[in-house]
Amino acid sequence: MWAFFHKLGSPKWFFDIAGRCIPWFAGSSIALLVLGMVWGLLFAPPDYQQGDSYRIIFIHVPSSALAMSCYVMMAVAGAIHLVWRMKLADVFAKAAAPVGAALTFLGLFTGSVWGKPTWGTWWVWDARLTSMLILLFLYLGIIALRAAIEDPQTSARAVSVLTLVGVVNIPIIKYSVNWWNTLHQTATFTLTNKPTMPPSMYLPLLVMLLAFYLFFAWIVCVRMQNEILEREKRTRWVRELVTPATARR
Amino acid sequence: MQFHSFAAFIAMGGHGFYVWLAYGVFLLVITTLVVDSHWRRRRILARQARQMRREQVAKPGGRVVKGQSFQEAGESS
């Protein structure tokens, strides 16, 4: 068990595993994104109230859901980094932050564009939207904080603490639609109840959710590899990896 | 298939602007993520290769193979 944990912390080991997984993540996420979008845009039935504007759900829900789980994953990584000083946890946190910020932006943007025809307004300062905006600022703050502190170890620790403090926002986002009166509808999927949609609508949504997770895994693996190359550039294995590139010039 | 014609598909029951704006920005953002992540990789590898070449040239007497001039070693590395 400890041997495995130790291995998991080894950058080279992760670099190789990630390299082997990346083509699968890339291929399956692109295939499922195409399938989900064609299904959602062409074959899913229109909503009886909203007509075709509801088709934005197929990108809105996965973006927002992943933006939140990405934050939770970063907070867990931050805790692991603080407690066990595991380098790889910090590599993950650094690689995932810009991806999470992009997904949060997408969730807000697609929600806004969906809100205009549905609610008649691009934006309202209600609980769900405001807490989601705070999530975007948290992501941007985390990225800025890391860039602001030069010493990598100090910045990694500061970022871990900030990420952990910010995690309080996640349950607020999640339950905001239940706690406060809001224009935003409540969750489509819950673990305990049946989905509030027919299968012809929620199946393409599930496909898109899976596609987003795979896409996230793909991009984060590539960015973690980048970060490892940067951090381990003095080591022998990275130098050997770079050597063929040197010979070509 | 929910739409009878391509024009109806584009119109999205009058909500075409919103649907295509959302999907357009979505595709733009995820494409940017993919391209940015891979460009970074190329930049990192190129910088590292440059750095290693510079080190080899800079090493006093270091990696220079016997019988090879200093300049040659720098170029062929």
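FYI, it's all coordinate maths here, none of it is from the lab. On a predicted model such as this, the values are computed, not experimentally measured, just so you know. Every residue, glycine among them, receives a Cβ derived from its backbone with ideal geometry; neighbour counts consider all protein chains shown.
Charges only on Cβ, +1 for Lys and Arg, -1 for Asp and Glu: so what's the dipole of the range A:18-248 about the Cα centre, in debye to the nearest 20?
Numbers: 18 positive and 10 negative charges, 124 e Å.
The dipole magnitude comes to about 600 debye.
Suppose each label sits 7 Å from its Cα in the direction of the beta carbon; what would the residue A:230-residue A:76 distance come out to in nanometres?
Label at residue A:230, label at residue A:76, 2.4 nm between them.
If the convex hull of the alpha-carbon atoms of the protein assembly as shown is projected onto planes in all directions, what is the mean projected area in square nanometres?
Values: hull surface 85.9 nm².
Taking a quarter of the hull surface, the average projection is 21.5 nm².
Going by Cα centres, the range A:121-161 and the range A:203-244 are how many Å apart?
Each part reduced to its Cα centre gives a spacing of 22 Å.
Report the full-extension gain for the segment residue A:178 to residue A:49: residue separation times 0.36 nm, less the Cα-Cα distance, to one decimal in nm. Don't skip to the answer; put the middle values down first.
Numbers: separation 129, 0.36 × 129 = 46.44 nm, distance 2.21 nm.
Taking 0.36 nm per residue and subtracting the Cα distance, the gain is 44.2 nm.
Please arrange A:80, A:228 by counting, for each residue, the other beta carbons lying within 10 Å of its beta carbon, fewest first.
Working: A:80 18, A:228 22.
Ranked by crowding around the Cβ, least crowded first: A:80, A:228.
For the range A:58-64, just list the computed ³J(HN,Hα) in residue order, Karplus coefficients 6.51, -1.76 and 1.60, θ = phi - 60°, integers in Hz, with x standing in for Gly and Pro.
5, 10, 5, 5, x, 4, 5
Roughly how many nanometres apart are two label points built 7 Å out from the Cα toward the Cβ at residue A:151 and residue B:42?
Going by the 7 Å Cα→Cβ label model, 3.8 nm.
Apply 1/(1 + (r/R0)^6) to the Cβ-Cβ distance of residue B:17 and residue A:194, taking R0 = 35 Å, and write down the FRET efficiency to the nearest 0.05.
Details: r = 33 Å, r/R0 = 0.95.
Efficiency for this residue pair is about 0.55.
Rounding to the nearest 20 debye, state how big the charge dipole of the range B:1-54 is about its Cα centre with +1 on each Lys and Arg Cβ and -1 on each Asp and Glu Cβ.
Numbers: 8 positive and 1 negative charges, 187 e Å.
Approximately 900 debye in magnitude.
Determine which residues of the range A:212-235 fall in the zone a paramagnetic label at residue B:27 would reach in this model, i.e. backbone nitrogen under 16 Å from the point 7 Å along Cα→Cβ.
Hits in the range A:212-235 for residue B:27 at 16 Å: none.
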